[in-house]
Amino acid sequence: SKHALNEVALRLGIAQTGAGVYDAGIGGEVYRVRPGHACYGCIAAQLQLQRRAPKPHSAPDYNHLDLEEVPPTAALSLDIEQIALLQCRMALELLLGEAPCAVGAGPEVNLWVFANRVVPGTFQRPLHCEFFRVPRQKDCLECGQPSSDVEAEAGRILAGVGLAPNGRARRRTP
């Protein structure tokens, strides 16, 4: 749905904000997209967001609990609301235009990643926000510039993976 909203906002040339809460409410991200700047596709590529099937978990043994292996649980409404409040703040800043940013991040910052709690290897500090300026990606499938020569671009991509323009593997010369 985020990509669908992004596509509509790009087509209409309007700004947008969005947010997502991570599994078990450990944290989340809040982003803003302004016309002519990085879109959600650019931001998702920067975060390397990808869909994955959850691993099946057996029921945890709460008598011998290994904290590294605790399966994800539903997010608390408080964790979800924390991310929603940050999105409201970002939306207000977007609506106010050039007014000074209330959190001091600056208008060029388009991604906030917030940790609700410590997660080893992911979030080192609880209740902490990191701010990022994700640049527009020239090869973004959603807002990037289309190639003026599709045939040449296809040939370059195929050559990069070792295929000839007809899709067959290139013969190697000894």
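The values are calculated or read from the model by the stated rules, or taken from the named source; none is laboratory data. In this text the structure is predicted, and so the values were computed from the model without any measurement. Don't worry about glycine lacking a Cβ; one is built from the backbone with ideal geometry, like all the others, and counts go over all protein chains shown. Quick note on the areas: whole protein, heavy atoms, side chains included, nothing else; ligands and nucleic acids left out. Shrake-Rupley method; radii C 1.70, N 1.55, O 1.52, S 1.80 Å.
When residues in region 1-20 are screened for being free of Cβ contacts under 8 Å to residues at least 12 places away in the same chain and in a helix (DSSP H, G or I), 4 of them pass.
The rows are residues; the columns are (1) at pLDDT 75 or above; (2) assigned to a loop (DSSP other than H, G, I, E, B); (3) more than 25 Å from residue 21 (Cβ to Cβ).
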| residue | (1), (2), (3) |
| --- | --- |
| 126 | yes, yes, no |
| 129 | yes, no, no |
| 134 | yes, yes, no |
| 138 | yes, yes, yes |
| 144 | yes, yes, yes |
| 147 | no, yes, yes |
| 152 | yes, no, yes |
| 155 | yes, no, yes |
| 174 | no, yes, yes |
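Residues in region 21-48 that are open to solvent by 10 Å² or more (accessible area, probe 1.4 Å) and either acidic (Asp, Glu) or assigned to a strand (DSSP E or B) (or both): 3 in all. Only residues that are surrounded by fewer than 16 Cβ atoms within 10 Å (Cβ to Cβ) and either among the polar types (S, T, N, Q) or in contact with a Leu (Cβ under 9 Å, 6 or more places away or on another chain) (or both) were counted in region 1-19, giving 2.
Residue 78 meets the conditions (1) assigned to a helix (DSSP H, G or I); (2) modelled with pLDDT of 90 or more; (3) open to solvent by 80 Å² or more (accessible area, probe 1.4 Å) in every case but one. The failed one is (2). For region 90-118, the set of residues classified as modelled with pLDDT of 90 or more and open to solvent by less than 70 Å² (accessible area, probe 1.4 Å) consists of 90, 91, 109, 110, 111, 112, 113, 114, 115, 116, listed by residue number.
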